[in-house]
Amino acid sequence: MAAPLAAQPLTVAALGDSLTQGYGLPQPEGFVPQLEQWLHENGAPEVKVLNAGVSGDTTAGGLSRVDWTLTDDVGAMIVALGGNDLLRGIEPATSRANLEGILKAAGAKDVPVLLIGLKAPGNYGPEYQAAFDAMYPDLAQQYGTLYAESFLAALEEMPDRDATRAKYIQSDGIHPNAEGVKLIVRNLGPKVLELIARARGE
């Protein structure tokens with residue numbers, strides 16, 4: 001007798017940059033290991049999360065890697081890219097085209113996606129900011145993906161920015177520490193459970 005569908009192993013690839021990769025943290029404290037542990041404790045013990053994060057990666061880098069990330073055993077994918085595009089001032093239209101290529105590659109393999117967005121700062125001007133901020137929800141709607149507004153939402157929503165930085169961000173002022181990652185995982189975890197359910201046709 002076949003095992004129930006829900007009990008079958010599932011691999012979720014997390015395609016991203018240093019935030020996904022776990023920059024500056026011991027391996028067990030990074031985003032991917034903490035997310036996998038959270039999933040195991042919250043009803044998805046058979047799920048493996050594959051760390052496809054590369055520090056410094058842009059949306060172009062993600063696009064160049066997506067085909068070999070989407071191996072036959074990958075049943076779902078998290079896409080969290082764009083922060084390094086912002087740092088380099090890459091045109092939103094270029095970033096959008098790269099993300100679209102990633103979503104098309106996933107669609108061609110019938111792999112459901114959770115697209116995680118990002119908010120642009122105002123220093124490139126209002127037009128850049130508006131175009132960048134809009135591309136994630138627009139693409140999520142166009143390609144029918146799940147969508148989370150920001151990887152760092154759990155920290156961005158805290159009222160005291162200085163206190164948040166002191167408690168949850170590494171000394172570089174950019175990357176979350178282990179406790180910050182824990183809050184990020186707790187915030188994003190339910191969306192990943194939705195992604196798992198979608199991958200299983202539930």
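The values are calculated or read from the model by the stated rules, or taken from the named source; none is laboratory data. Quantities reported herein were computed from a predicted structural model and do not represent experimental measurements. Cβ: placed from backbone, ideal geometry, glycine included. Neighbour counts: every protein chain shown. To get the accessible areas, we keep the full protein, side chains included, count just its heavy atoms, and leave off ligands, DNA and RNA. Shrake-Rupley method; radii C 1.70, N 1.55, O 1.52, S 1.80 Å.
Against the definition (open to solvent by 10 Å² or more (accessible area, probe 1.4 Å), within 17 Å of Phe151 (Cβ to Cβ) and assigned to a loop (DSSP other than H, G, I, E, B)), how does Gly56 come out, yes or no? Spelling it out, Gly56 is indeed open to solvent by 10 Å² or more (accessible area, probe 1.4 Å), within 17 Å of Phe151 (Cβ to Cβ) and assigned to a loop (DSSP other than H, G, I, E, B).
If I filter the stretch 126-139 down to residues being out of contact with any strand residue (DSSP E or B) (no Cβ under 8 Å at 6 or more places or on another chain) and open to solvent by less than 50 Å² (accessible area, probe 1.4 Å), which single residue comes out as farthest from Val79 (Cα to Cα)? The qualifying residue farthest from Val79 (Cα to Cα) is Tyr128. Of all the residues in the stretch 78-95, those that are open to solvent by 40 Å² or more (accessible area, probe 1.4 Å), outside any helix (DSSP H, G or I) and either charged (D, E, K, R) or closer than 17 Å to Ile174 by Cα (or both) number 1. For the stretch 36-75, a residue qualifies if it is of a type in the set (Gly, Ala, Ser), closer than 19 Å to Asp17 by Cα and more than 12 Å from the chain's Cα centre (by Cα), and the qualifying residues are Ser55, Gly56, Ala60, Gly61, Ser64. For the stretch 27-43, a tally of residues being outside any helix (DSSP H, G or I) and either of a type in the set (Asp, Glu) or modelled with pLDDT of 95 or more (or both) returns 2.
Results for (1) surrounded by 15 or more Cβ atoms within 10 Å (Cβ to Cβ); (2) part of a loop (DSSP other than H, G, I, E, B), shown as yes or no for each residue.
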| position | (1), (2) |
| --- | --- |
| Gln141 | no, no |
| Pro159 | no, yes |
| Arg165 | yes, no |
| Ser171 | no, yes |
| Lys182 | yes, no |
| Arg186 | no, no |
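Close contacts from the stretch 90-109, counting a first residue that is closer than 15 Å to Met135 by Cα and a second that is hydroxyl-bearing (Ser, Thr, Tyr), with Cβ to Cβ under 7 Å and a gap of 6+ residues or different chains, come to Ile90/Thr58; Pro92/Tyr128; Ser95/Thr59; Asn98/Thr59; Leu99/Thr59; Leu103/Tyr143; Leu103/Thr145. Only one entry of Asn98, Asn123 meets the criterion of being of a type outside the set (Asp, Glu), open to solvent by less than 60 Å² (accessible area, probe 1.4 Å) and assigned to a helix (DSSP H, G or I), and that entry is Asn98. When Leu103 is tested against (1) open to solvent by 40 Å² or more (accessible area, probe 1.4 Å); (2) closer than 16 Å to Leu81 by Cβ, just one condition goes unmet, and that condition is (1).
Restricting the stretch 33-48 to residues that are touching a strand residue (DSSP E or B) at 6+ places or on another chain (Cβ under 9 Å) and open to solvent by 10 Å² or more (accessible area, probe 1.4 Å) leaves a set whose member that is farthest from Ala178 (Cα to Cα) is Glu46.
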